[in-house]
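Colleague: Have a look at this one before I ask anything.
The values are calculated or read from the model by the stated rules, or taken from the named source; none is laboratory data. In this text, all values refer to a predicted model and were calculated from it rather than measured experimentally. A quick note on method: Cβ atoms are made from the backbone with ideal geometry, for glycine too, and the neighbour counts reach across all protein chains shown. Each accessible area value is taken on the protein alone, full model and side chains, heavy atoms only, with ligands, DNA and RNA left out. Shrake-Rupley method; radii C 1.70, N 1.55, O 1.52, S 1.80 Å.
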Amino acid sequence: MAGEQRDFDGAAATWDENPGRVKMAHDVAGAIRDTLRPGLGTEVVDFGCGTGLLSLALLPSVRSVTAVDSSKGMLGVLDAKIAAKNLANIRTLLVDVEKGDPLPGPADLVISSMTFHHLRDIRPVLAEMARVLRPGGRIAIADLDSDEGKFHDSPEGVFHNGFDRCTMQKCLEAAGFGEIRNRTAAIVHKPGPSGEVRMFTVFLMTATKKA
Ligand SMILES: C[S@@+](CC[C@H](N)C(=O)[O-])C[C@H]1O[C@@H](n2cnc3c(N)ncnc32)[C@H](O)[C@@H]1O
């Protein structure tokens, strides 16, 4: 783990060329649909949306998505997709929660995939998610299970080597969430330094904002 910034702007143009990322987003979207069954009235915020892989996979199942990210480059790629497909029910917003920018709201569902391990402290972000959710609103957070620092090829901007699900559950409880559930949403295979294939699991934690 290291404290340096990761260059998401520089990675944006080729982000979608990694088929593992595209598959993971579809697996996570499927797990969110199966677990929470969002409806066509559901207003969603996707925190750390990147190029919108998860936002766009979930979009047909919901009313709208507000896709937020701190990287202009990532949002630029998503804006181009939105324009090319002439989509009316998704918008992007430049937000850096670690700099104190508020999340947009109100929302029925806040989703996030593979972003929490890039946050220094997840607790204020969970509190901000709870703040923007309507009463009874829900969150769905996907991220790596504890990975001993082996998932990323370089450590810049990686502040957590995955998460322990029990620790995440406690953080969600402290932020005012109940009905907390977890499941495995995706499995990723990546080659290690000696050519061996390593397997990583991605959890999906879902929870409901308490009244
Ligand atoms: C590993 S990428 C995941 C992108 C996308 N969710 C996906 O699965 O393809 C993490 C994203 O989180 C964004 N991010 C990191 N820290 C952030 C912050 N403090 N506020 C908003 N977005 C942030 C990055 O810019 C990046 O686009």
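Colleague: Once every DSSP H run of n ≥ 4 in the chain is given -39500 (n - 2.57) and the sum is divided by its residues, what mean residue ellipticity at 222 nm do you get, rounded to the nearest 500 deg cm²/dmol? Mind dumping the intermediate values first?
Modeller: On the way: 6 runs with 62 residues, N = 211.
Rounded to the nearest 500, the figure is -8500 deg cm²/dmol.
Colleague: Restricting to region 8-209, compute how many DSSP beta bridges are antiparallel as a %, nearest 5. Don't skip to the end; give the middle numbers.
Modeller: Working: 19 of 39 bridges.
Rounded to the nearest five, the antiparallel share is 50 percent.
Colleague: Right, here's the next one. Is the chain rounded, prolate or oblate when judged by the Cα gyration tensor, a ≥ b ≥ c being the square roots of its eigenvalues, rounded requiring a/c under 1.5 and prolate requiring a/b larger than b/c? Mind dumping the intermediate values first?
Modeller: Details: a/c = 1.42, a/b = 1.15, b/c = 1.24.
Judged from the Cα gyration tensor, the chain comes out rounded (a/c under 1.5).
Colleague: Mind listing the long-range amide H neighbours of Gly162? Cut-off is under 5 Å, sequence gap 5 or more, other chains count too, H placed in the peptide plane at 1.01 Å from N.
Modeller: So Gly162 has HN proximity to Asp147.
Colleague: Give me the accessible area per residue for region 1-152, probe 1.4 Å, as a whole number in Å². Write down the numbers at each step before the final one.
Modeller: Numbers: 6910 Å² over 152 residues.
Normalised by residue count, the accessible surface of region 1-152 is 45 Å².
Colleague: Could you size up the charge dipole of region 157-203 around its Cα centre, putting +1 on the beta carbon of Lys and Arg and -1 on that of Asp and Glu, and report it in debye to the nearest 20? Intermediate results must be reported in sequence, preceding the final value.
Modeller: Numbers: 6 positive and 4 negative charges, 20 e Å.
The calculated dipole for region 157-203 is roughly 100 debye.
Colleague: Ignoring ligands, DNA and RNA, please state the percent of accessible area on the chain from carbon and sulfur, probe 1.4 Å. Each step should come with its number before you reach the end.
Modeller: Values: 5220 of 10130 Å².
Solvent-exposed carbon and sulfur of the chain make up 52 percent of the total.
Colleague: GNM, the chain, Cα, under 10 Å: largest mean-square fluctuation among Lys85, Lys150, Lys170?
Modeller: Of Lys85, Lys150, Lys170, the Gaussian network model singles out Lys85 as fluctuating most.
Colleague: If packing is taken as the average number of other Cβ atoms within 10 Å across a peptide's residues, how do 125-137, 103-115 rank, most packed first?
Modeller: Highest-to-lowest ranking by the protection proxy: 103-115, 125-137.
Colleague: Something else: Accessible area of Asp121, 1.4 Å probe, to the nearest 10 Å²?
Modeller: So the heavy atoms of Asp121 present about 60 Å² to solvent.
Colleague: May I pose another question? Using amide H atoms built 1.01 Å from N in the peptide plane, name the residues 5+ places from Ile111, or on other chains, whose amide H lies under 5 Å from its own.
Modeller: Under 5 Å from the amide H of Ile111: Val45, Asp46, Phe47, Ala140.
Colleague: Output wanted: per-residue J couplings in Hz (rounded whole) for region 195-211, from phi through Karplus 6.51 cos²θ - 1.76 cosθ + 1.60, θ = phi - 60°, x for Gly and Pro.
Modeller: x, 5, 8, 9, 10, 10, 10, 10, 8, 10, 9, 10, 7, 10, 5, 6, 5
Colleague: Moving to a separate point now. Rounded if a/c is under 1.5, else prolate if a/b beats b/c, else oblate: with a ≥ b ≥ c from the C-alpha gyration tensor eigenvalues square-rooted, which is region 1-116?
Modeller: Working: a/c = 1.43, a/b = 1.31, b/c = 1.09.
Since a/c stays below 1.5, the shape of region 1-116 is classed as rounded.
Colleague: If one computes the Cα centroid of region 155-211 and of region 19-77, what distance in Å separates the two points?
Modeller: 17
Colleague: For the pair Lys170 and Lys72, how long in nm is the line joining their label points, each one 7 Å along Cα→Cβ?
Modeller: Once both label points are built, they end up 4.1 nm from each other.
Colleague: Could I ask something else about it? Report, by chain and number, residues whose modeled amide H sits under 5 Å from the one on Gly137, excluding near sequence neighbours (fewer than 5 apart, same chain).
Modeller: Hits under the 5 Å cutoff: Lys209.
Colleague: Turning to a different aspect of this structure: Which ³J(HN,Hα) values in Hz, rounded to whole numbers, follow from the phi angles of region 114-119 under the Karplus curve 6.51 cos²θ - 1.76 cosθ + 1.60, where θ = phi - 60° and Gly and Pro get x?
Modeller: These are the phi-based 3J(HN,Hα) values: 6, 10, 4, 6, 9, 9 Hz.
Colleague: From the phi of every residue in region 162-176, what ³J(HN,Hα) in whole Hz does the Karplus formula 6.51 cos²θ - 1.76 cosθ + 1.60 yield, where θ is phi - 60° and glycine or proline is x?
Modeller: Calculated HN-Hα couplings, in order: x, 9, 7, 4, 5, 5, 4, 4, 5, 5, 5, 4, 5, 8, x Hz.
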